[in-house]
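The values are calculated or read from the model by the stated rules, or taken from the named source; none is laboratory data. These numbers come from a predicted model, not from an experiment. Here the Cβ is made from the backbone with ideal geometry for all residues, glycine too, and neighbour counts use every protein chain on show.
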Amino acid sequence: MRFDDDGVLEAGQELGVKFEPYADRIDTFRNDTSETTSSTDRELFGRVVDAIQRLYKDERVGLSGVDLGRISAEKYDEIVAATDDPDERMAMVKLMTVQLRNELRARAADPTTSSKRTA
């Protein structure tokens, strides 16, 4: 028994599964030749994640994995929205790091914030 598209159909038919109600969806799925591509610049995203992780470590601020992912995605989106030039985007990682450092330090200096430093 195969587990490619035809194999799954054959297996379903052997088990008595009725595929007719789904035939149009199956054909659409089979005929979809569009390639799934990610518009994410993986190198840029990796550098954003690395810069944020290093910054929080250097500033001795706790950062959970979820917060690292969330902040990284936000900052990545801001950089990508700002320019299409790959060189400018890489330069913006440094700018983003400086801005984020200033925000962290401002929060640390603010007496209304918690004494426990986290993201």
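Before we move on, is residue 57 surrounded by fewer than 17 Cβ atoms within 10 Å (Cβ to Cβ), part of a helix (DSSP H, G or I), at pLDDT 95 or above and not small (Gly, Ala, Ser)? Yes; evaluated as a whole, the condition is true for this residue. Residue-level check: of (1) within 30 Å of residue 93 (Cβ to Cβ); (2) at pLDDT 65 or above; (3) not small (Gly, Ala, Ser), residue 36 misses just (2). Within this structure, residue 99 fails the test of being at pLDDT 95 or above and surrounded by 14 or more Cβ atoms within 10 Å (Cβ to Cβ). Among the residues of the range 68-81, those identified as touching a helix residue (DSSP H, G or I) at 6+ places or on another chain (Cβ under 9 Å) and surrounded by fewer than 15 Cβ atoms within 10 Å (Cβ to Cβ) are 69, 73, 78.
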